Protein chains: 2
Amino acid sequence: MSDTLLSAMRGIVGASHAFTDSDLVAGYATDWTRKHSGVPRLVVRPADTAEVAAVVTACADAGAAIVPQGGNTGLVGGSVPRSGEVVVSLTRLDDLGPVDATARSVVVGAGATLASVHNHAAAEGLAFGIDFAARDQATIGGMVATNAGGMHVLRYGMMRAQVEGLEAVLADGSVARRLGGLPKDNVGYDLPGLLTGSEGTLAILTRVRLRLVPARSERVTALLPLDGIDDAVALTARLRGTLPELEAAELILETSLRLSIEHGGLRTPFAVLPPAALLVECAADDDPTERLAEAVEDAGVRGGVVGVDRREREGLWAYREALLDAIAAEGEPLKLDVTLPGTGMAGFVDDLEVLLAELDPRCRCYVFGHVGDGNLHVNVLGLAESAAADAEERILEGVLARGGSVSAEHGIGVAKTRWVPRSRDAADLAAMRAIKRALDPAGLLNPGVLLPRA
Amino acid sequence: MSDTLLSAMRGIVGASHAFTDSDLVAGYATDWTRKHSGVPRLVVRPADTAEVAAVVTACADAGAAIVPQGGNTGLVGGSVPRSGEVVVSLTRLDDLGPVDATARSVVVGAGATLASVHNHAAAEGLAFGIDFAARDQATIGGMVATNAGGMHVLRYGMMRAQVEGLEAVLADGSVARRLGGLPKDNVGYDLPGLLTGSEGTLAILTRVRLRLVPARSERVTALLPLDGIDDAVALTARLRGTLPELEAAELILETSLRLSIEHGGLRTPFAVLPPAALLVECAADDDPTERLAEAVEDAGVRGGVVGVDRREREGLWAYREALLDAIAAEGEPLKLDVTLPGTGMAGFVDDLEVLLAELDPRCRCYVFGHVGDGNLHVNVLGLAESAAADAEERILEGVLARGGSVSAEHGIGVAKTRWVPRSRDAADLAAMRAIKRALDPAGLLNPGVLLPRA
């Protein structure tokens, strides 16, 4: 049966773009975390929308389940096979349409990388409102499918706010197109909005119309020492109110900052490390340095380090960006990505520390995140595997009890499906299941992802 | 049968809030345009979510179709009965929750009016990002259901961008709640986004969490004389690029401006009326007057009238706001609400004038709209009824041919359902129908609205 399907796929995409050899499929079978992997039935790499539609039709005819895959940079196992699915890699759909500078908009293929979109927009004096560390691999299609977040959400919103139109192949192989990009178009349900964040379970995205934003020529970055999380929340709220050019507000707790410094071989920014550091960046058409300095001073914050030229700014960002490598170098962490209401963040971290000390006093916990969005990334190292499951359970229960979210920006994938029924009420969950059945009645699109198997 | 249902309804909401008497139902049976009306089976006015759920359950049990109704200010017949439906009026759900000033957010009942939300936000030094003339009657629930637009879309986006969470009663009477309002919460499909703009066909909205925006203390309004639509499009794009505080850019063509002046008894703002006038408003924390003046001068526009204090500003807005009354006083217009890509607006209006002259040289055409969104309101007076249908057909065909939308912000209702299959490709339409069947299998929620009857 697999042979027939492989032949059909080769007929659609050419022999070199549909394969089953284990050395060829390896890169498509395991995700970034190396926690999630499986053996695909085959991997197919269509070149354009028509080929994606033909591939999906062939899979539907064969009753073959599909895992759509972009840059495979997800952290929750949503883009790798579980049990013999066909992996449809979209990376060949990487075309970049002409930038419409007046409308500030561009249509790109689902396989275009985030970095390529940044460069493409920059060449026309514009920018794209989402950025995060995996920019060279992550694709636009995957970012739409997972409603990606990142550093600049507090200024530009999540990926959903950047999507002005979509083209997608539905489960029956038909192609739905809404790429017009009209700012007002009240003709029917918001299918692009529904597909955004649906993690490949409702359709396969092939093209996206993206909102672009003005490129800002002047930037300033500052690392500010603070007494704790509540101060970071309050300062961020205050800066947002007075500085529309505030683009990032990254919280780094003391233990994380120390790890960054030690692992990255970085200069200590403060004589004494503060309980919390807030990395802020402003970007504007005119130099925002004085406005930021004034706002920070008005807020009573002293001792911050300011970076204006590129090297200084990169030096400050290094404290944040060295963290992921530093943690990876220490071992395989328990990784959580949660949102707390602003006032709940400090209490959550206090409880977290107590809980971990109780579970295993030798474990190390690193907390950082996008404080303007209430989004904390928690990385726990050194927990025994059995303790890790227990820790995750109790930490995420605490998040829900505080009115937070168990997945801020990483999504559900296969890793967190059991948390969906605990996060959504019965009617909401039933509606989601009904939508899934309506758009994918045979359950062939990314089975096991997002919704728990019934 | 009707008596049994009426009794059931009275048992839920009390005798005075469920009725069938023709004098009592009159206000719920006809919409603003007076074009759309019907006799309801009964009108029911639940007081809260629990009563809405009970009402919907009773209707589902009885197989009774429902028309949800907010302020009944729609223009496309989406909120009035067609043939014996139960009208569920939501206006009693008008509670206003406490404003969260830090998160800039508030939860309000679906029946709260737009004006009440404005006042509620203003009392806490904040504002709500949507405004339009029907503010005293239009309700938040109706505005979400229709994804309302209005004057400030170019700064704050459509209603969808203001919705941070929803509570809704589904077709089976179950209640789905997502009111947490977390800025990042990637746990499942975007049900609030899907319900926004679904025109009461998928669920009945009961509560909404709204995004608030900073209140701006300083405002300036200007009426600028221009040579035509293309100049207005170019100037608006230019002002948006340099003035983030630009909040409105309303285009008024010469004939419309003249009608406003004559009907409203207004002072002529220009010695000679220009082909087009652009009404712009900026709002900021510091006085934006000089920045606007400079930007307008840099763009080479001369002869504008500027208003700074409230009376001056209101005097300028009168040229725009007198228009609706002026048109209504002249007769019952053919009303169209279309979006054109920016570069297509001028050509569309040229073609429109040629077409109307051909159809009926005596008719008068008034064009105005939100130029930053490509949204034109077309009002044609004096067309014979037979010519009106032909005119609508040919005008909207022209809109589609130019890549525009046949409904920018008014929605589909019952008036424009036949345009949906011409605006959406087959796969997209099939997906919309599948979603409708999934969430309302018996087809009881606002039947005949949005999707053409199959």
* Which is open to solvent by less than 30 Å² (accessible area, probe 1.4 Å) and either hydroxyl-bearing (Ser, Thr, Tyr) or facing chain B (nearest Cβ under 8 Å) (or both), of A:Ala426, A:Ala434, A:Ala430? -> A:Ala434
* Determine, yes or no, whether B:Ala101 is in contact (Cβ under 8 Å) with a residue 60 or more places away in the chain and either within 30 Å of A:Gly372 (Cβ to Cβ) or among the small types (Gly, Ala, Ser) (or both). => no
* Some residue of the range B:244-253 being in contact with an Asp or Glu (Cβ under 8 Å, 6 or more places away or on another chain), open to solvent by less than 10 Å² (accessible area, probe 1.4 Å) and of a type in the set (D, E, K, R) -> yes
* Asked: Just a yes or no: is a residue in the range B:382-405 crowded, with 17+ Cβ neighbours inside 10 Å, facing chain A (nearest Cβ under 9 Å) and under 15 Å from A:Gly180 (Cβ atoms)?
  -> yes
* Structure fact -> Of all strands (runs of 3 or more DSSP E) fully inside the range A:124-227, the set with 1 or more residues that are open to solvent by 30 Å² or more (accessible area, probe 1.4 Å) and under 22 Å from B:Tyr156 (Cα atoms) is A:163-169, A:204-211
* Asked: Given (1) closer than 23 Å to B:Thr33 by Cα; (2) more than 8 Å from every other protein chain (Cβ to nearest Cβ), where does B:Leu444 come up short, assuming only one miss?
  -> (1)
* Condition broken by A:Gly111, with the remaining ones in (1) closer than 28 Å to A:Gly38 by Cβ; (2) touching a residue at least 60 places away in the same chain (Cβ under 8 Å) satisfied -> (2)
* Is it true that A:Gly241 is among the small types (Gly, Ala, Ser) and open to solvent by less than 30 Å² (accessible area, probe 1.4 Å)? -> no
* Residues in the range B:312-332: is at least one of a type in the set (Val, Ile, Thr) and open to solvent by less than 30 Å² (accessible area, probe 1.4 Å)? -> yes
* Considering only residues that are assigned to a helix (DSSP H, G or I) and in contact with a Phe, Trp or Tyr (Cβ under 9 Å, 6 or more places away or on another chain), look in the range B:431-454 and name the one that is nearest to A:Ile204 (Cα to Cα). => B:Ala431
* Being out of contact with any helix residue (DSSP H, G or I) (no Cβ under 9 Å at 6 or more places or on another chain) and of a type in the set (Phe, Trp, Tyr) is the filter; apply it to the range B:1-56 and report the residue that is farthest from B:Ala171 (Cα to Cα). => B:Trp32
* Structure fact -> The lone condition B:Ser116 fails out of (1) buried (at least 18 other Cβ atoms within 10 Å of the Cβ); (2) touching a residue at least 60 places away in the same chain (Cβ under 8 Å) is (2)
* Structure fact -> Residue hits (the range B:185-201; within 8 Å of chain A (Cβ to nearest Cβ) and not acidic (Asp, Glu)) are B:Asn186, B:Val187, B:Gly188, B:Tyr189, B:Leu191, B:Gly193, B:Leu194, B:Thr196, B:Gly197, B:Ser198
* To do: Tell me which of these A:Glu262 doesn't satisfy, since it passes every other one: (1) open to solvent by 30 Å² or more (accessible area, probe 1.4 Å); (2) farther than 28 Å from A:Ala127 by Cβ; (3) part of a loop (DSSP other than H, G, I, E, B).
  => (3)
* Of B:Glu250, B:Glu254, B:Glu245, B:Glu218, which residue is within 22 Å of the chain's Cα centre (by Cα) and more than 23 Å from A:Pro192 (Cα to Cα)? -> B:Glu250
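The values are calculated or read from the model by the stated rules, or taken from the named source; none is laboratory data. Computed from a prediction, not measured in an experiment: that's the story for all the values here. Quick reminder, even Gly has a Cβ in these numbers, built from the backbone with ideal geometry, and neighbours come from all protein chains shown. Heavy atoms of the whole protein, side chains included, go into the accessibility calculation; ligands, DNA and RNA do not. Shrake-Rupley method; radii C 1.70, N 1.55, O 1.52, S 1.80 Å.
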